[in-house]
2 protein chains.
Amino acid sequence: MEVCPVELSLKVLKNKWTIFIIRELLVSKKRFNELKKSLKGVTTKVLVETLKHLEQLNILNRNSNNEFPLKVTYSLTELGKSLKLVLDALSSWACENEEFIKFN
Amino acid sequence: MEVCPVELSLKVLKNKWTIFIIRELLVSKKRFNELKKSLKGVTTKVLVETLKHLEQLNILNRNSNNEFPLKVTYSLTELGKSLKLVLDALSSWACENEEFIKFN
């Protein structure tokens, strides 16, 4: 692999919103407004861009019922689900070290 | 834990530069210019701020020889070294899925 694997992962994960979206979709598929609600502080613009970024990378699927009223949900692909390993590492590091992590 | 552990980790890790600094210091302690050279594209301002952020969080130590000429190196604390688990997860995810990761 030419590029450092950590850099490749970060090119996919990009920012915290990407990780929070994956966290939410690891639980279940979600509608746009459900994601907007659980990602406190995200703007509609950033959420739209991040979902598009993840769809282009085949991390998630945009599922539409193709009938009126239109219903769109987002769900993880197998590649997306495999990111659970990274989220688990982030989660267990924080749980194991919570008492040592002090923000001024 | 009140805050979601993934969010706590991301509050510490903050951005890609934090992760790249930890990646470099997991190999060995480094001087400022050594870090600046290996983190392609980082500005001096961002590197100074990120190192301060990590020092305040006790992720790394700033070691100074307190004599002329002044020599400063940065090294990981035990808390910093424990982040290897997260970097390993990022690295193995990319290695296992490299063929499926396509950027347009």
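The values are calculated or read from the model by the stated rules, or taken from the named source; none is laboratory data. All of these numbers come straight from a predicted model, not from anything done at the bench. No Cβ is skipped: glycine too gets one built from the backbone with ideal geometry, and neighbour counts run over all protein chains shown. Keep in mind that these areas ignore ligands, DNA and RNA; they rest on the heavy atoms of the full protein, side chains included. Shrake-Rupley method; radii C 1.70, N 1.55, O 1.52, S 1.80 Å.
Looking for something touching a Cys at 6+ places or on another chain (Cβ under 9 Å) and either within 24 Å of A:Glu99 (Cβ to Cβ) or within 14 Å of chain A (Cβ to nearest Cβ) (or both) - is there at least one such residue anywhere in the range B:22-39? Talk me through it step by step, then tell me what you get.
Here is the first cut: in the range B:22-39, the residues touching a Cys at 6+ places or on another chain (Cβ under 9 Å) are B:23.
From what's left, either within 24 Å of A:Glu99 (Cβ to Cβ) or within 14 Å of chain A (Cβ to nearest Cβ) (or both): B:23.
Within the range B:22-39 (the criterion being touching a Cys at 6+ places or on another chain (Cβ under 9 Å) and either within 24 Å of A:Glu99 (Cβ to Cβ) or within 14 Å of chain A (Cβ to nearest Cβ) (or both)), the answer is yes, since at least one residue qualifies.
Would the range B:46-62 turn up any residue that is more than 19 Å from B:Asn15 (Cα to Cα) and loosely packed, with under 14 Cβ neighbours inside 10 Å?
For the range B:46-62, residues more than 19 Å from B:Asn15 (Cα to Cα) and loosely packed, with under 14 Cβ neighbours inside 10 Å: present.
For the condition more than 7 Å from chain B (Cβ to nearest Cβ) and of a type in the set (A, V, I, L, M), what is the one hit in A:Leu54, A:Leu87? First the steps, then the outcome.
On the way: A:Leu87 fails: more than 7 Å from chain B (Cβ to nearest Cβ).
Testing whether each residue is more than 7 Å from chain B (Cβ to nearest Cβ) and of a type in the set (A, V, I, L, M) leaves just A:Leu54.
Residues being open to solvent by 40 Å² or more (accessible area, probe 1.4 Å) and free of Cβ contacts under 8 Å to residues at least 24 places away in the same chain: count how many of those fall in the range B:83-104. Lay out the reasoning, then the answer.
Taking the range B:83-104 first, the residues open to solvent by 40 Å² or more (accessible area, probe 1.4 Å) are B:84-85, B:88, B:95-96, B:98-100, B:102-104.
Within this subset, residues satisfying the condition of being free of Cβ contacts under 8 Å to residues at least 24 places away in the same chain are B:85, B:88, B:95-96, B:98-100, B:102-104.
Residues that pass the stated criteria total 10.
Do we find that A:Ser91 is at pLDDT 95 or above, of a type outside the set (Phe, Trp, Tyr) and within 14 Å of A:Leu13 (Cβ to Cβ) in this structure? Before you say what the answer is, go through the steps one by one.
Working: at pLDDT 95 or above: yes; of a type outside the set (Phe, Trp, Tyr): yes; within 14 Å of A:Leu13 (Cβ to Cβ): no.
No: the conditions fail for A:Ser91.
Which of the residues that make up the range A:63-80 are open to solvent by 50 Å² or more (accessible area, probe 1.4 Å) and not aromatic (Phe, Trp, Tyr)?
Going through the range A:63-80, the residues open to solvent by 50 Å² or more (accessible area, probe 1.4 Å) turn out to be A:63, A:65-71, A:78.
Those that are open to solvent by 50 Å² or more (accessible area, probe 1.4 Å) and not aromatic (Phe, Trp, Tyr): A:Asn63, A:Asn65, A:Asn66, A:Glu67, A:Pro69, A:Leu70, A:Lys71, A:Glu78.
Which ranges mark the helices (runs of 4 or more DSSP H) fully within the range A:37-103 that have 1 or more residues being under 29 Å from B:Leu54 (Cβ atoms)?
Details: elements: A:44-56, A:78-81, A:84-97.
Of the helices (runs of 4 or more DSSP H) lying wholly inside the range A:37-103, those with at least 1 residues that are under 29 Å from B:Leu54 (Cβ atoms) span A:44-56, A:84-97.
Do you know which of the residues in the range A:1-21 that are farther than 17 Å from B:Lys16 by Cβ and not acidic (Asp, Glu) is nearest to the other protein chains (Cβ to nearest Cβ)? Break it down into steps so the answer makes sense when it comes.
Filtering the range A:1-21 for residues farther than 17 Å from B:Lys16 by Cβ gives A:1-2, A:21.
From the residues that got through so far, the ones that are not acidic (Asp, Glu) too are A:1, A:21.
Values: A:Met1: 6, A:Ile21: 12 Å.
Top of the filtered list is A:Met1.
Give the number of residues within the range A:5-24 that are under 12 Å from the mean Cα position of the chain (by Cα) and open to solvent by 10 Å² or more (accessible area, probe 1.4 Å).
Going through the range A:5-24 one residue at a time, the tally reaches 8.
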